[in-house]
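Scroll down for the structure; my scribbles are underneath it.
The values are calculated or read from the model by the stated rules, or taken from the named source; none is laboratory data. Remember, it's a predicted structure, so these values are computed and weren't measured experimentally. Note: ideal-geometry Cβ built from the backbone for every residue, glycine included; neighbour counts use all protein chains shown. Protein only, heavy atoms only, side chains kept; ligands, DNA and RNA dropped before computing areas. Shrake-Rupley method; radii C 1.70, N 1.55, O 1.52, S 1.80 Å.
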Amino acid sequence: MASFSKVAEYSSKYPKAADATFAYGTAGFRTVGTTLESTVFRMGLLAGLRSQSKQGQTIGVMITASHNEERDNGVKLVDPHGEMLQQSWEAYCTRIANAASDDDVVAVLASVASAERIDVAVTPRVAYARDTRPSSPLLQAALEDGLKALDVAATNYGIVTTPQLHYFVRCLNTAGTEAAYGEASEAGYNKKYADAFLRLVDGKALPSKLYIDAANGVGAPQVRKLAEAIDSPYFVMELCNGDTDTLGKLNSGCGADYVKTNQRQPQGMALERGARYCSFDGDADRIVYYYADDSGAFHLLDGDKISTLAATYLRDLVAAAGIEGLEVGVVQTAYANGSSTSYIKDTLRLPTVFAKTGVKYLHHEAEKMHIGVYFEANGHGTVLFNAGAVAKLRQAVPQTPAQADAVQRLWALRDLINESVGDAMADMLLVETILICKGWTPAQWDEAYTDLPSRLLKVVVSDRTIFATTNAEQTLTAPRGLQDVVDALVAKYPRGRAFVRPSGTEDAVRVYAEAATRSDCDQLAYSVAGAVFDKAGGRGERPADFL
């Protein structure tokens, strides 16, 4: 208990509201920013303890709420390899966040230390950062008090993107080893990705300008720095929605989530026909592309399109390298458009697996593949080269100049990708690299397959906990009989598919549907939503649009 001697005193500055309840989910804690002081203080404590459990390796703490509206904020922990926090520790986060008193906070720390057999004499190390939200400085001060209470050796990275902090954590913990990932600084990050990009595009035809919507978030100043590091006509950009100073602008009418959800360009942005556009979300871990065709119609190139583009290029490079047994695979969620899944399986002939919704689940499945490509449809994803892939690349003995070039390109691509987490800036450079190397326009990229019309709805219910799923959340096991109703409705529509899954954050369920035509898709979506409402305790107005 001696090493927790200062905790109660510091904790008294950050009492938890008696009526507040917090839950650590896939994205950490996320709610109205001004209500999170006690929670963020306690995450400073738990980050220190997590570091001690990892023998003093650096743990990351990021203050952000990603694509949420500006008044919200959040906090999440990053494990030593730059990955999401180990799932078993999420329960500890929730326990300490909801501790009722200062003494209870100390008791939770002691309980975790005992359960995990932690040597609390180890010096804990934490790296932390924040985004541009107005509540972030307040929460940073609370975090710093939590770190002081456990005498943590802390490094403040200031205002950076979420993926940059993940990258820094991985760099810090691999420095001086065979797995060294790079220099743990903004300059090191920018140099690594700039160098890899230029190695891959050298000698190719110059591309046109790329228009970047930065959601008026932290991606704006950081992508400017990345462009300065690249300093090449191979990357000419025009930044849109880069205002991080004016209150109320973050994620408002712009950003990846807005574009994906509304299937249109950011408000106030006129699209030049044939030009390339992309949008980050507020903390720059998601990206989607889009363009206007010759008739001026909007076309979205979402995470599914990015995934198939990357998988195609990697498959072709592996074939050109002539490395036997090196396989490329793709991980998707149930939200992936059915046309993308068919394209991967039937045209690319690549193995595809489904994972539960949430990046941590996709990441885990991708690690099992030599080269695993994973993107959620919302544009959050990356590519992983596992130890088997790295070994095969090191053992490769090219027999021709073409094979040697392909092997070198695979190495450069690995350097171009942020393997720790989905990263809008690194993913942007990956897409730009492939389009430049193939000489493709956005329309040519889009020609690979045509998305089925889809619809995503929310149904408010009395109790989301009555819903249970299996088959990567594509099949309901409870409430009993509801899946039979869904199956009967799906059977009415050509190429129909629908599933129901509970929300992780509110008493609501998500209904996803797709079908061969827009009319059929909408009929299916609202029919399933109506069935859920009627048979599983719907609240408010019954879904009825298009019926």
Handout entry: Residue-span extension gain [A544 to S519] - 0.36 nm each, minus C-alpha spacing
Key = 7.6 nm
Handout entry: Within the stretch 1-92: Cβ-based charge dipole about Cα centre, in debye rounded to nearest 20 (Lys, Arg +1; Asp, Glu -1)
Key = 280 debye
Practice task
Only Cα pairs under 8 Å and at least 6 apart count here; give the relative contact order of the stretch 1-144 as a rounded whole percent.
Solution key: 38 percent
Handout entry: For V152, solvent-accessible area (1.4 Å; no DNA, RNA or ligand), Å²
Key = 20 Å²
Fill in the blank from the handout: Low-density loop trypsin sites (Lys or Arg not before Pro), the stretch 396-483, at most 14 other Cβ within 10 Å, DSSP non-H/G/I/E/B, are R480
Handout entry: Average Cα contact separation per residue, the stretch 173-263, under 8 Å, 6 or more apart, as relative contact order %
Key = 29 percent
Problem - Signed unit charges on C-beta, dipole axis of the stretch 107-211, positive-most listed residue N190, A141, L109 - result: N190
Handout entry: Rounded accessible area per residue of the stretch 367-456, 1.4 Å, Å²
Key = 35 Å²
Completion exercise
Loop-resident GluC sites (Glu not before Pro) in the stretch 306-393 with no more than 13 other Cβ atoms inside 10 Å, DSSP not H/G/I/E/B, are E324
Completion exercise
The alpha-carbon center of the stretch 131-178 and that of the stretch 202-263 are separated, in whole Å, by 24 Å
Exercise for the section: Quick one: compute the contact order of the stretch 55-112, relative version, from alpha carbon pairs under 8 angstrom and 6+ residues apart, as a percent. Expected result: 23 percent
Fill in the blank from the handout: Computed ³J(HN,Hα) along the stretch 463-475: with the Karplus parameters 6.51/-1.76/1.60, θ = phi - 60°, integer Hz and x for glycine or proline, the list is 8, 6, 6, 7, 8, 9, 10, 9, 6, 6, 6, 8, 9
Fill in the blank from the handout: Applying the gyration tensor rule to the Cα atoms of the chain (axes a ≥ b ≥ c; rounded if a/c under 1.5, else prolate if a/b exceeds b/c, else oblate), the class is oblate
Exercise for the section: Could you size up the charge dipole of the chain around its Cα centre, putting +1 on the beta carbon of Lys and Arg and -1 on that of Asp and Glu, and report it in debye to the nearest 20? Expected result: 580 debye
Practice task
Might you report the magnitude of the Cβ-based charge dipole of the stretch 401-444 about its Cα centre, with Lys and Arg at +1 and Asp and Glu at -1, to the nearest 20 debye?
Solution key: 180 debye
Problem - 5 angstrom amide H check on A127, placed H, neighbours 5+ away - result: I59, G60, V61, T155
Practice task
Could you tell me what percent of the accessible area of the chain is made up of carbon and sulfur, with a 1.4 Å probe and every protein chain present?
Solution key: 48 percent
Problem - Accessible area per residue in Å² at 1.4 Å probe, computed on the stretch 42-91 - result: 26 Å²
Exercise for the section: Please work out the average accessible area per residue across the stretch 244-318, using the 1.4 Å probe convention, and give it in Å². Expected result: 35 Å²
Fill in the blank from the handout: For K192, counting only lysines whose alpha-carbon sits under 29 Å away and dropping same-chain residues fewer than eight positions off, the answer is K54, K76, K204, K209, K225, K305, K360, K368, K392, K438
